Amino acid sequence: MSGGAEKLKGRVLRTVGGVYEVEVGGETLECALRGRLKRQSGIGRVAVGDEVEVDRLTDGSCVITELLPRCARLSRRSADGRREQIIAANVDRLAAVFSVARPEPVFELLDRFLVLAESSEIDAFVVVNKIDLADPDQVCERFAPYEEIGYPVLHTSAKACRGLEELGGRLAEHITLFVGPSGAGKSSLLNALQPGLGLRVGEISKAIERGRHTTVAACLHCLDMGGYVVDTPGLGKVQFWELGTHELAWCFRDFRPYLGRCRFQDCSHAHEPDCAVIGALEAGELSSRRYESYVKFLGESSGRDS
Ligand SMILES: Nc1nc2c(ncn2[C@@H]2O[C@H](COP(=O)(O)OP(=O)(O)OP(=O)(O)O)[C@@H](O)[C@H]2O)c(=O)[nH]1
Ligand SMILES: [Mg+2]
Ligand SMILES: [Zn+2]
């Protein structure tokens with residue numbers, strides 16, 4: 001490499017066809033990847049959210065030369081089931097966005113996102129959007145179980161500009177991944193918070209996922225208040241990477257007080273006798289809806305136990 005290269009440090013905002021857009025001090029540089037990094041696959045691969053070192057060459061072209069250590073990564077199982085696919089690196093918050101109506105919330109999907117966050121040890125919170133479409137008491141009641149187990153629940157309306165300040169407060173200085181079903185209003189909320197983002201709204205993101213099952217199409221947006229958000233389409237069918245029974249149960253944070261108290265040490269909490277989790281469920285201390293999600297996810301992860 002030429003001695004005249006300027007050494008820079010930045011963060012990967014998005015990748016498009018082998019070009020990496022890297023933010024360096026407010027400027028976005030289009031970078032290529034040095035050969036050695038290009039040959040990496042799986043978790044060694046440079047991902048959206050990664051901090052990288054960049055050489056700006058004398059001709060103005062830029063090359064990513066180093067991948068800096070990651071604090072965290074959010075991954076999912078690739079469509080062929082064999083590889084870990086990084087959704088985004090260095091994410092430290094997950095916002096699970098659902099709408100009270102149009103579409104109706106699907107709690108199993110919410111549980112899925114919460115497991116995803118717990119498995120990466122990332123803080124999660126719930127955003128209940130479109131509160132302009134429902135009775136406030138009803139909204140509180142439906143999502144109260146999540147508040148009770150320790151997840152902050154924010155009530156918002158992108159349309160009526162409600163709850164935006166509180167939402168903004170949670171995003172500042174963090175890298176937050178927005179997930180949620182198509183149409184819940186993720187892009188609308190981000191636009192309402194920061195009109196300059198100009199995200200497309202009302203898109204049918206399913207089309208993106210149908211074409212190529214591998215496309216995650218995550219992309220980082222800088223926030224004026226500091227921090228970044230990642231608006232993701234099509235994470236509805238996210239499959240967990242490397243979650244054994246043990247870890248899956250731990251990812252249900254409401255189960256934690258009961259873990260280690262079952263008769264069998266390797267209890268899957270599905271059918272064993274003297275299971276503390278099932279006991280708590282029967283005593284009404286655990287939500288049956290949460291437990292149903294657990295059993296469903298357990299079925300998906302069977303055969304690849306840790
Ligand atoms: N009534 C009402 N409608 C909303 C609100 N927020 C968003 N919408 C509408 O809901 C539709 C979907 O909004 P989007 O922001 O595109 O939803 P999204 O979650 O980004 O969807 P995908 O990108 O497909 O995953 C649009 O027609 C919005 O105008 C709200 O607070 N109240
Ligand atoms: Mg969107
Ligand atoms: Zn058990």
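The values are calculated or read from the model by the stated rules, or taken from the named source; none is laboratory data. Please read all numbers here as calculations on a predicted model, not as lab measurements. As a convention, Cβ positions derive from the backbone with ideal geometry for all residues, glycine included, and neighbour counts pool all protein chains shown.
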Checklist entry - Is it fair to say Val230 is at pLDDT below 95, assigned to a loop (DSSP other than H, G, I, E, B) and either not assigned by TED's automatic domain parsing to the domain that holds Asp80 or not acidic (Asp, Glu) (or both)? => result no
Next on the checklist: Quick check on region 282-293: of everything there that is surrounded by fewer than 18 Cβ atoms within 10 Å (Cβ to Cβ) and among the charged types (D, E, K, R), which residue is farthest from ligand 1 (Cβ to nearest atom)?
Outcome noted: Glu282
Checklist outcome for this item: Flagged in region 45-60 as part of a loop (DSSP other than H, G, I, E, B) and under 12 Å from Glu21 (Cα atoms), in numbering order, are Val46, Ala47, Val48, Gly49, Asp50
Next on the checklist: If I filter region 266-288 for residues that are among the polar types (S, T, N, Q), within 25 Å of the chain's Cα centre (by Cα) and not assigned by TED's automatic domain parsing to the domain that holds Glu121, do I get at least one hit?
Outcome noted: yes
Checklist entry - Listed residues Ala207, Ala218, Ala184; which is at pLDDT below 95, within 11 Å of ligand 2 (Cβ to nearest atom) and hydrophobic (A, V, I, L, M, F, W, C)? => result Ala184
Checklist outcome for this item: Of (1) in a strand (DSSP E or B); (2) modelled with pLDDT under 95, Val97 satisfies every one except (2)
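Matching residues to (1) among the aromatic types (Phe, Trp, Tyr); (2) outside the structural domain of Phe98 (by TED's automatic domain parsing):
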position	(1), (2)
Leu223	no, no
Gly226	no, no
Val238	no, yes
Cys251	no, yes
Asp254	no, yes
Tyr258	yes, yes
Arg263	no, yes
Checklist entry - List the pairs whose first member sits in region 253-281 and is among the aromatic types (Phe, Trp, Tyr), whose second member is part of a helix (DSSP H, G or I) and modelled with pLDDT of 95 or more, and whose Cβ atoms are under 6 Å apart, counting only residues at least 6 apart or on separate chains? => result Phe255/Ala249; Phe255/Val277; Tyr258/Ala276; Tyr258/Val277; Tyr258/Ala280
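If you go through region 157-180, how many residues are assigned to a loop (DSSP other than H, G, I, E, B) and surrounded by fewer than 21 Cβ atoms within 10 Å (Cβ to Cβ)?
Total meeting the criteria: 7.
Suppose we keep only residues that are modelled with pLDDT of 95 or more and part of a helix (DSSP H, G or I) within region 126-140. Which one would you say is farthest from ligand 3 (Cβ to nearest atom)?
Asp132
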Checklist entry - From the residues in region 106-135 that are touching a residue at least 60 places away in the same chain (Cβ under 8 Å) and buried (at least 21 other Cβ atoms within 10 Å of the Cβ), which one is farthest from the chain's Cα centre (by Cα)? => result Asn129
Item to check | Qualifying residue in region 273-281 (condition: out of contact with any Pro (no Cβ under 7 Å at 6 or more places or on another chain), loosely packed, with under 15 Cβ neighbours inside 10 Å, of a type in the set (D, E, K, R) and assigned to a loop (DSSP other than H, G, I, E, B)) | outcome: yes
Item to check | region 152-169 residues that are within 13 Å of Leu193 (Cβ to Cβ), paired with ones that are of a type in the set (Phe, Trp, Tyr) (beta carbon under 8 Å, 6 or more apart) | outcome: Leu154/Phe125
Item to check | Residue among Leu154, Leu189, Leu199 that alone is near ligand 2 (Cβ under 10 Å from one of its atoms) and outside any loop (DSSP other than H, G, I, E, B) | outcome: Leu189
Item to check | Unmet requirement for Ser75, which otherwise passes all of (1) at pLDDT below 95; (2) surrounded by fewer than 19 Cβ atoms within 10 Å (Cβ to Cβ); (3) of a type outside the set (Val, Ile, Thr) | outcome: (2)
Checklist outcome for this item: Filtering region 89-122 down to residues that are under 30 Å from Val52 (Cβ atoms) and either within 16 Å of ligand 3 (Cβ to nearest atom) or touching a Pro at 6+ places or on another chain (Cβ under 9 Å) (or both) yields Val97
Checklist entry - Quick one: would you say Arg36 is of a type in the set (D, E, K, R), more than 17 Å from the chain's Cα centre (by Cα) and closer than 30 Å to Ala249 by Cα? => result no
Item to check | Verdict on Asp80 being exposed (fewer than 15 other Cβ atoms within 10 Å of the Cβ), out of contact with any Phe, Trp or Tyr (no Cβ under 7 Å at 6 or more places or on another chain) and not in a strand (DSSP E or B) | outcome: yes
